[in-house]
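Asks: Shown below is the structure under consideration.
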Amino acid sequence: MAVQIKKRLLTLEEYERMIEAGVFHEDERMELIRGEIAEMAPIGLRHAACVTRLTTLLVRKAGDNAIVWPQNPFGIPPSQSQPQPDVSLLRWRDDYYAARRPVPEDVLLVVEVADTTLKYDRGVKGPLYAQAGIPEYWIVNLQDDVIEVYTGPSGDVYTQTRKAKPAETLALPIDLGAIEVSDILG
């Protein structure tokens with residue numbers, strides 16, 4: 001007789017209570033994706049430098065018009081997810097989201113920097129962000145030195161995609177200007 005193993009998925013609220021209760025070590029890198037705790041890949045030197053460059057560029061462009069949210073989570077309640085992208089650009093709030101965690105309606109842009117996680121960022125994170133209605137998603141593809149730009153979320157896909165190369169620029173949301181791809185890639 002075969003035994004059926006049933007997974008017990010976490011809700012977003014349960015996961016947040018576990019974090020508040022100190023269940024996880026503060027240095028553990030994880031995120032909640034569709035009710036499952038996913039361990040995140042270690043950060044390599046090129047990845048870290050790219051996230052730092054991008055954060056610096058976005059802070060300069062955003063000023064007091066948006067909040068740059070580097071390597072911080074936001075909640076996607078319907079999917080029981082709390083991803084922790086490399087950088088997010090959020091709508092401005094005077095409290096810097098101290099009163100409540102950002103949700104998809106607050107997110108203008110999500111960026112994942114991918115050297116070893118390209119397949120995961122395309123196949124798991126992309127559909128999650130599209131389904132949540134995140135208007136724009138970038139994958140900084142360090143393997144191919146391009147930035148994959150995804151827009152037009154519909155269901156669990158983005159209807160428009162393009163690859164931006166080092167000689168190109170990328171327009172930022174809400175008229176924040178543009179960023180040179182080569183400045184992001186280094």
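Asks: How many residues are of a type outside the set (Ser, Thr, Tyr) and touching a residue at least 60 places away in the same chain (Cβ under 8 Å) when one looks only at segment 77-90?
Replies: 4
Asks: Something else now. Among the residues that make up segment 19-29, is at least one of them of a type outside the set (Asp, Glu) and touching a Leu at 6+ places or on another chain (Cβ under 8 Å)?
Replies: No: zero hits.
Asks: Out of segment 91-121, which residues are in a loop (DSSP other than H, G, I, E, B) and touching a residue at least 12 places away in the same chain (Cβ under 8 Å)?
Replies: TRP92, ARG93, TYR96, TYR97, ARG101, PRO102, VAL103, ASP115, THR116, THR117
Asks: Out of the residues in segment 85-115 that are touching a strand residue (DSSP E or B) at 6+ places or on another chain (Cβ under 9 Å) and at pLDDT below 95, state the one that is farthest from ARG46 (Cα to Cα).
Replies: Among them, the one singled out is ARG101.
Asks: Return the total of residues in segment 79-121 being buried (at least 17 other Cβ atoms within 10 Å of the Cβ), small (Gly, Ala, Ser) and more than 12 Å from the chain's Cα centre (by Cα).
Replies: Residues flagged as buried (at least 17 other Cβ atoms within 10 Å of the Cβ), small (Gly, Ala, Ser) and more than 12 Å from the chain's Cα centre (by Cα) within segment 79-121 amount to 1.
Asks: Looking at VAL124, VAL140, which one is over 25 Å from ASP64 (Cβ atoms), under 14 Å from the mean Cα position of the chain (by Cα), in contact (Cβ under 8 Å) with a residue 40 or more places away in the chain and surrounded by fewer than 20 Cβ atoms within 10 Å (Cβ to Cβ)?
Replies: Criteria check complete, one pass: VAL124.
Asks: Counting only residues that are among the charged types (D, E, K, R) and in contact with a Gly (Cβ under 8 Å, 6 or more places away or on another chain), which one in segment 47-84 is farthest from VAL103 (Cα to Cα)?
Replies: Looking at the filtered set, the residue picked out is ARG53.
Asks: Based on what the data block shows, is ASP183 part of a loop (DSSP other than H, G, I, E, B), surrounded by fewer than 16 Cβ atoms within 10 Å (Cβ to Cβ) and of a type outside the set (Phe, Trp, Tyr)?
Replies: No, not satisfied.
Asks: Report every pair of residues separated by at least 6 positions or lying on different chains whose Cβ atoms are under 7 Å apart, first residue within segment 1-25 and within 26 Å of PRO102 (Cα to Cα), second among the aromatic types (Phe, Trp, Tyr) and assigned to a loop (DSSP other than H, G, I, E, B).
Replies: MET18/PHE24
The values are calculated or read from the model by the stated rules, or taken from the named source; none is laboratory data. Just so it is clear, the model here is predicted, and its values are computed rather than measured. Cβ: placed from backbone, ideal geometry, glycine included. Neighbour counts: every protein chain shown.
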